[in-house]
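Take this structure, written in structure tokens, and hold onto it; I'll ask about it next.
Readers should treat all values here as calculations from the given coordinates under stated rules, not as data from a laboratory. Treat the numbers as computed from the prediction; the structure is a model and nothing was measured.
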Amino acid sequence: MLLPKGTVFALADGEIFELYRNVGLEAEPKLSPLPVPELEQTNKSAGMRHRLNSRDPSEDRLDEDAHAIAVIDWLNDQVIAGAIEKLVIIADPRSLGEMRKRYHKQLQSALICDLDRTLTGRSGDEIVKAVRAA
């Protein structure tokens, strides 16, 4: 898979959000870290359905869902504003499921791929290898 220069890679799990940009060639990507915005996790109501589905919902689960929603809200805003033209999203399966529900149409157009893997904390080479293997 070719990854155009300038493609933004967004990695998330229930707690961590990482951003990278491909500063290399399309055929030979090189990921460079980007500053990560401070996200405001205000949407804990999305996790309320978990309260209906289990007797003892974990506050951690609500926090993880709120984190995923904050990440995708920020990414949607960046794509709509034109700050991100091409995007790869990699997140743990549960976070990615929460995020996919909220993909804006413009984000869907910018999206090269999304992967349900936990790759936060990994090297750029490992991230690129996982994307190409998908």
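Per DSSP H run of at least 4 residues, take -39500 (n - 2.57); add these up for the chain, divide by its residues and hand me the 222 nm value, nearest 500 deg cm²/dmol.
-12000 deg cm²/dmol
Read through the labelled values (1) 16.9, 62; (2) 14.9, 47; (3) 15.0, 51 and report the label of the one computed as Rg and Dmax of the Cα atoms in Å from the structure.
Correct label is (3).
So in the chain, what percent of DSSP beta bridges are antiparallel if you round to the nearest 5?
So the antiparallel bridges in the chain amount to around 45 percent.
For the pairs LYS5/LYS105; LYS30/LYS86; LYS5/LYS101; LYS105/LYS129, note any where the Cα-Cα span goes beyond 25 Å.
LYS5/LYS101; LYS105/LYS129
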